[in-house]
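The values are calculated or read from the model by the stated rules, or taken from the named source; none is laboratory data. Everything numeric in this text was worked out from a predicted model, so none of it was measured. Because the Cβ atoms are built from the backbone with ideal geometry, glycine has one as well, and the counts that use them run over all protein chains shown. Note: accessible area is taken over every heavy atom of the protein model, side chains too, but ligands, DNA and RNA are not part of it. Shrake-Rupley method; radii C 1.70, N 1.55, O 1.52, S 1.80 Å.
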Amino acid sequence: MIVPFLDLVSQFHEIRDEVMPQLVEALESGDFVRGKSVEAFEADFAQYLDATDCVGVGNGTDALELALRALNLPEGGEVVVPANSFIATSEAVSNVGLRVRFCDVDESYTMDPRSLLSNIQAQSVAVIPVHLYGQPADMPTIMEIAQRAGLKVVEDCAQAHGASVDGKKVGTIGNAGTFSFYPGKNLGAYGDGGAVVTNDPGLSERVRRLGNHGRSSKFDHEFEGRNSRLDAIQARILRIKLRHLDTWTDRRNRVAELYRRGLDGVGDLALPPTVPGTSHAFHLFVVRTRSRDALREHLSARGVASGIHYPVALPELQAYRGRHNEAVPNSRGWAEQLLSLPIGDQLTDEQVTYVVDGVRAFYAVPSSRGD
Ligand SMILES: *Cc1c(COP(=O)(O)O)cnc(C)c1O
C-alpha cells in the first residue's frame, strides 16, 4: 500500500464540482487581484474565526511581516519567537528591521511560557507564539506575560486554521493573527495566499494599506508600502474550502485519534500530548523517537511517506548559527528525534491502520488488527 504524506489531488476531486464553475466565473468576471471575491472571503474568514477584521495578503510570511510593520514597533526592538518553527516566523522579524530572540518549546512543541519569560529583556517589543502542528500555544499564560511586559502579540496560525483555546479560535487572542494558505496547509489555496486577522480596526487598515503600496485611494499614497495582495481566484477557492474546513479538521483529528490508540506505549515513541482547554487542528502528527531515521527508512520501504518538522532548530540553521546563545535545549535536542506521520483529510482508516502496523512492526509489536 502507498501512503502519501500529502494528497492534494484527491481533495481536489472531492470538491471538483464546486471549484470548476468558480474558476470559470473568476476568469469571466475580469476581477483578478483583490475585488469582490477577495472581500467576500475576508468577511467569511473573519466570521469563521469570530474576528472583526481580515485582510487577504500574498502569503503567510508576508502576513507576519505586514502585521509586525503595522504594529509600528520601535526599530531594533527584539521579538521573541520559538526555536522550533518554520524559518518564516523568524525571517519576518529580521525582514522588518527587528531582532530575533529565540525561546524554547515545551512538550506541546509550542512556546514554553517559562522560556518566554526568561528571554524578555529591556529591548523586547513583541512575541510570536506559533500554533505549531495545529496545537494552540498556551495563550492564556503567554498573554498574561506579554501584557505585564508590555509586548505586542502576533499569533502565527499558519498551521492551525480553526484550532481554539478555551473556545476562542487562534488568531483572535493576540493583537493580530497571521495565516498561510499555502496549498499544503489545512486551509490551502491553489497557489500562495495569506491573511492577517485582528479585532483592531486601525491595525487592519494599516495592514491593508501597507500591502497595497500605502495606498489610501487610487492615486494617493499615504506612505510607502509594498505589493502583497490576495488574488481573486485563490479567494474563490478558499471560500469553497472554508465550508469544508471543519469536516476536514474533524477527519484529521480522527486520524490522530487512531494513531494515538494504535501507538500508545509502543517502543520509545512519544506521542503528541493532549493539552486541556485546547482544540487541536492536526496539521502534522509528530512523534519523537531515538530511532527516528531507522523508523523512517522502515516506513519508506513499506510505501509510507513521512516528514521531519523540523530537522534543524532555527538557531542551528546556517542563517543564524553562531549568533544566538539562547538556551533552547528541547528545540535543539528534539530536532533529531521528530518524525511526522502522514495525516490529512483524505487518509482512509485502512491507510492509517497500515501506518500504525508498520510502526508497530518496527518495534516488534504485533499488528493492531483484531485488538
Ligand atoms: C507555512 C508557514 C509560514 C509561512 O507561510 P507561507 O504562506 O509559506 O509564506 C509561516 N509560519 C509557519 C509556522 C508556517 O508553517
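Odds and ends about this structure:
- Test result for residue 45, under 13 Å from residue 204 (Cβ atoms) and open to solvent by less than 10 Å² (accessible area, probe 1.4 Å): yes
- Any hit, the range 88-106, residues being more than 16 Å from the ligand (Cβ to nearest atom), in a helix (DSSP H, G or I), hydroxyl-bearing (Ser, Thr, Tyr) and open to solvent by 20 Å² or more (accessible area, probe 1.4 Å): no
- Only one of the listed residues (156, 138) is of a type in the set (Asp, Glu), surrounded by 21 or more Cβ atoms within 10 Å (Cβ to Cβ), modelled with pLDDT of 95 or more and more than 15 Å from the ligand (Cβ to nearest atom). That residue is 138.
Residues checked against (1) within 16 Å of the ligand (Cβ to nearest atom); (2) in contact with a helix residue (DSSP H, G or I) (Cβ under 6 Å, 6 or more places away or on another chain); (3) closer than 25 Å to residue 164 by Cα; (4) in a strand (DSSP E or B):
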site: 17; (1), (2), (3), (4): no, no, no, no
site: 26; (1), (2), (3), (4): no, yes, no, no
site: 47; (1), (2), (3), (4): no, no, yes, no
site: 66; (1), (2), (3), (4): yes, yes, yes, no
site: 72; (1), (2), (3), (4): no, no, no, no
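- Put simply, of 176, 149 the only residue that is open to solvent by less than 10 Å² (accessible area, probe 1.4 Å) and either of a type outside the set (Lys, Arg) or away from the ligand (no atom under 16 Å from the Cβ) (or both) is 176.
- Matching residues in the range 30-42 - criterion: being open to solvent by less than 60 Å² (accessible area, probe 1.4 Å) and at pLDDT below 95: 30, 31, 34, 35
- Screening the range 55-87 for residues that are open to solvent by 10 Å² or more (accessible area, probe 1.4 Å) and among the hydrophobic types (A, V, I, L, M, F, W, C) and picking the one that is farthest from the chain's Cα centre (by Cα) gives 73.
- All positions within the range 255-280 that are in contact (Cβ under 8 Å) with a residue 60 or more places away in the chain, aliphatic (A, V, I, L, M) and closer than 14 Å to residue 355 by Cβ: 255, 256, 258, 263, 266, 269
- With respect to (1) touching a strand residue (DSSP E or B) at 6+ places or on another chain (Cβ under 7 Å); (2) within 16 Å of the ligand (Cβ to nearest atom), the lone exception for residue 32 is condition (2).
- Scanning the range 273-295 for residues that are in a loop (DSSP other than H, G, I, E, B) and within 22 Å of residue 187 (Cβ to Cβ) yields 275, 280, 281, 282, 283, 284.
- Selection from the range 108-125 of residues that are touching a helix residue (DSSP H, G or I) at 6+ places or on another chain (Cβ under 8 Å) and surrounded by fewer than 23 Cβ atoms within 10 Å (Cβ to Cβ): 113, 117, 120, 124
- Selected residue [of a type outside the set (Phe, Trp, Tyr), on the phi > 0 side of the Ramachandran plot, in contact (Cβ under 8 Å) with a residue 12 or more places away in the chain and open to solvent by less than 40 Å² (accessible area, probe 1.4 Å)] from 303, 307: 303
- Extreme residue, farthest from residue 110 (Cα to Cα), among residues of the range 271-300 that are open to solvent by less than 30 Å² (accessible area, probe 1.4 Å) and of a type in the set (A, V, I, L, M): 299
- The conditions of being open to solvent by 10 Å² or more (accessible area, probe 1.4 Å), more than 10 Å from the ligand (Cβ to nearest atom) and small (Gly, Ala, Ser) are not met by residue 171.
- Qualifying positions in the range 12-60 - under 18 Å from residue 230 (Cα atoms) and basic (Lys, Arg): 34, 36
- Flag: residue 125 matches the condition of being assigned to a strand (DSSP E or B) and more than 16 Å from the ligand (Cβ to nearest atom).
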